[in-house]
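Some notes on the structure that comes next.
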Amino acid sequence: MIKVTNLQEMNRIENGSLQMHIQKKAEAMMQEYQVENMDDIGCFVILEKEEFACVPMNELEFVEVLEIGAESYLHGVRIIDESCGEDIYLPVEVVRC
């Protein structure tokens, strides 16, 4: 599990496409809420496939399958308080019919 709590920690995300997606999302949220650091908006949690049990499904506001580059992620958001949230990314395999 990688927990990104500031922009400097973004380089810990190994997947370049995911890193770019999260960085753009963080910057857009910081601009929208007019804050200068991520501490004021929340954090991003990147899980490994085997860490599925770490996803608090009953606490998530929504869940979606998000395709970033060639990878698919189960993406959900947990609201911690009225000004802070936690974006969770879990790599998943999508079976196409």
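Against the compact-protein benchmark of 2.2 N^0.38 Å, the Cα-based radius of gyration of the range 10-50 scales to 1.24.
With a 1.4 Å probe and all protein chains left in place, how much of the accessible area of the chain comes from carbon and sulfur atoms, in whole percent?
Values: 2990 of 6330 Å².
Answer for the chain is 47 percent, counting heavy atoms of protein chains only.
Rolling a 1.4 Å probe over the heavy atoms of the protein chains gives the range 13-54 an accessible area of 67 Å² per residue. Taken one residue at a time, the phi angles of the range 13-19 give Karplus couplings (6.51, -1.76, 1.60, θ = phi - 60°) of 7, 6, 6, x, 5, 5, 4 Hz. Gly and Pro are set to x. For residue 49, the lysines whose Cα falls under 20 Å of its own Cα, not counting residues fewer than eight places away in the same chain, are 3. The label point for residue 41 and the one for residue 65, both projected 7 Å from the Cα toward the Cβ, are 2.7 nm apart.
Structural size metrics of the range 1-93, computed from C-alpha coordinates, are Rg and Dmax of 12.6, 36 Å. Packing-based ranking of 70-77, 53-60 yields 70-77, 53-60, ordered from highest to lowest mean Cβ neighbour count within 10 Å. If both residues of a DSSP beta bridge must be in the chain, then about 80% of such bridges are antiparallel.
Let me have the relative contact order for the chain, percent, based on Cα pairs under 8 Å that are six or more residues apart.
Details: 146 pairs, mean separation 26.2, N = 97.
After rounding, I find 27 percent.
The values are calculated or read from the model by the stated rules, or taken from the named source; none is laboratory data. What you are looking at is a predicted structure, and each value in this text was computed from that prediction instead of being measured. For neighbour counting, all protein chains shown are included, and Cβ atoms are generated from backbone atoms with ideal geometry for every residue, glycine included. Keep in mind that these areas ignore ligands, DNA and RNA; they rest on the heavy atoms of the full protein, side chains included. Shrake-Rupley method; radii C 1.70, N 1.55, O 1.52, S 1.80 Å.
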